[in-house]
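Accompanying notes for the structure given below.
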Amino acid sequence: MKSNLRDALLKNITRSLATQAADVAYEVSLSSDINQPQATHLKFDNILYNQGEAYNKTTGIFTAPVSGTYLFWAYVMSRAKPNMDVRILKGSTLIGLGHTRLGSVYGVASITTATHLVHGDQVWISIIGTGGVPLRGDGFSSYGGTIIRSN
């Protein structure tokens, strides 16, 4: 009888820990306008939500705390009329791409993408444009992600 009770308790604790570990989501934004150098990690400095503490605002990198399927999104606005590519990268692999064209007052690149990550995979945003890309802050540029299924 004690063995069954112990096994049941262990199973409940394991299930509870797995559920907590799979609760991963973040939403970040730029607090002010910036000039973003090309092909470097875009560092969103305003953390709106960071369940699981997997987004690091110092580096601009999200590190997957558990393996699973993740959904990422980004909405990045420029302050000028440059051609601009916004890329969501997993390591050196492109997993999402948004683009603006010359001609609009504010260029906006929007991305939604899903991918599988293993524990420790890193994801970030990179901008490709002409010279430094002037980005709009004050909440006009944001980025986030969430786990939709752990495994």
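The values are calculated or read from the model by the stated rules, or taken from the named source; none is laboratory data. For clarity, every value in this text was computed on a predicted model and none was experimentally measured. Methodologically, a virtual Cβ is constructed for each residue, glycine included, from the backbone with ideal geometry; neighbour enumeration extends over all protein chains shown.
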Residue under question is W73, and the condition is that it be part of a strand (DSSP E or B) and touching a His at 6+ places or on another chain (Cβ under 6 Å); does it hold? no
Screening G103, G68, G52, G91 for residues that are under 19 Å from I128 (Cβ atoms), of a type outside the set (D, E) and modelled with pLDDT of 80 or more leaves only G91
Given the conditions (1) under 15 Å from the mean Cα position of the chain (by Cα); (2) surrounded by fewer than 17 Cβ atoms within 10 Å (Cβ to Cβ); (3) of a type outside the set (D, E, K, R), which single one is not true for G132? (1)
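Quick grid of which residues meet (1) basic (K, R); (2) outside any strand (DSSP E or B); (3) crowded, with 18+ Cβ neighbours inside 10 Å; (4) touching a Cys at 6+ places or on another chain (Cβ under 9 Å):
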{"site": "D23", "(1), (2), (3), (4)": "no, yes, no, no"}
{"site": "S32", "(1), (2), (3), (4)": "no, yes, no, no"}
{"site": "N35", "(1), (2), (3), (4)": "no, no, no, no"}
{"site": "P65", "(1), (2), (3), (4)": "no, yes, yes, no"}
{"site": "T69", "(1), (2), (3), (4)": "no, no, no, no"}
{"site": "V86", "(1), (2), (3), (4)": "no, no, yes, no"}
{"site": "L94", "(1), (2), (3), (4)": "no, no, no, no"}
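Would you point out the residue of the stretch 71-88, among those that are β-branched (V, I, T) and at pLDDT below 95, that is nearest to S126 (Cα to Cα)?
Step one: of the stretch 71-88, the residues β-branched (V, I, T) are 76, 86, 88.
Narrowing the set further to residues that are at pLDDT below 95 leaves 76, 86.
On the way: V76: 11, V86: 6 Å.
That would be V86.
Kindly provide the set of residues from the stretch 79-101 that are of a type in the set (G, A, S) and without any contact (Cβ under 8 Å) to a residue 12 or more places away in the chain, ordered by number.
Keep residues of the stretch 79-101 that are of a type in the set (G, A, S), which gives 80, 91-92, 96, 98.
Within the stretch 79-101, S92 is the sole residue that qualifies.
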